[in-house]
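The values are calculated or read from the model by the stated rules, or taken from the named source; none is laboratory data. Model, not experiment: these values are computed from the prediction. Please note: Cβ atoms are built from the backbone with ideal geometry, for glycine as well, and neighbour counts cover all protein chains shown. All accessible areas refer to the heavy atoms of the entire protein, side chains included, with ligands and DNA or RNA removed. Shrake-Rupley method; radii C 1.70, N 1.55, O 1.52, S 1.80 Å.
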Amino acid sequence: AYEKNLHVCSVTVPGTVKTIESRAFADCANLKSITLCEGVERIESNVFTGCKQLKSIHLPASVKQITGWAFYGSGLQEAVLGASGRILVFCPPAAAGTEYTIPANVREIGMQAFAEQPDLQGVVLPEGLETIRERAFIECGFQEISLPESIKLVETGAFFHCRKLKVITGLPQQSCIENTIEFWRMKGETFPV
């Protein structure tokens, strides 16, 4: 309803709204402030895409699901954490810089959390991290990454199009060929024959 509305500067979404539908505030170029009240549960894709004036957002604990690209192309300057800081939902280039250390309390890196960040040369994953979702890292510039012992799931394509990525350490002990296949699976690419 508000997509591309240049008059919207500030919005409060009441808790009676359970889902913010896809592109609800996309390209609202003057949106500077958004308050999501406790009760909002889902944020669909591209909700805040192109909101260049939006610098920060706080997610209430009630938000249980965020579809990818929700904050893509926004003006966010700091990482967006959900589920009381346990899920890294989105980390914009302004926050990530060239080296980024995932906060210690994060247990999951969400889908498309780091999108199109070729300047991101290094990421430190904390012990305690359990899940890296599909396409969590897209077109990032790091050459290697070390998985913590606590990792339980790395979804297919978690390091999608990370063309410089050559080494993933911390893989479970398997045969050389199994580790190679796992490496390519995590990159979302077919094992070259």
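Please indicate, with yes or no, whether at least one residue in the range 70-83 is open to solvent by 20 Å² or more (accessible area, probe 1.4 Å) and in contact with an Asp or Glu (Cβ under 7 Å, 6 or more places away or on another chain). Checked the range 70-83: no residue is open to solvent by 20 Å² or more (accessible area, probe 1.4 Å) and in contact with an Asp or Glu (Cβ under 7 Å, 6 or more places away or on another chain).
In the range 85-100, the residue that is most open to solvent (accessible area, probe 1.4 Å) out of those that are under 16 Å from residue 129 (Cβ atoms) and assigned to a strand (DSSP E or B) is 87. Checking every residue in the range 151-170 against the condition of being closer than 27 Å to residue 43 by Cα, at pLDDT 95 or above and polar (S, T, N, Q) gives zero matches.
Just to be sure before I move on: is residue 61 of a type outside the set (Phe, Trp, Tyr), touching a Ser or Thr at 6+ places or on another chain (Cβ under 9 Å), part of a loop (DSSP other than H, G, I, E, B) and buried (at least 18 other Cβ atoms within 10 Å of the Cβ) in the structure I sent? So residue 61 does not fit the description; no. For beta carbons closer than 6 Å, sequence separation of 6+ or different chains, a first residue in the range 124-143 that is farther than 24 Å from residue 72 by Cβ and a second that is open to solvent by 70 Å² or more (accessible area, probe 1.4 Å), the qualifying pairs are 126/104; 130/152; 143/164; 143/166.
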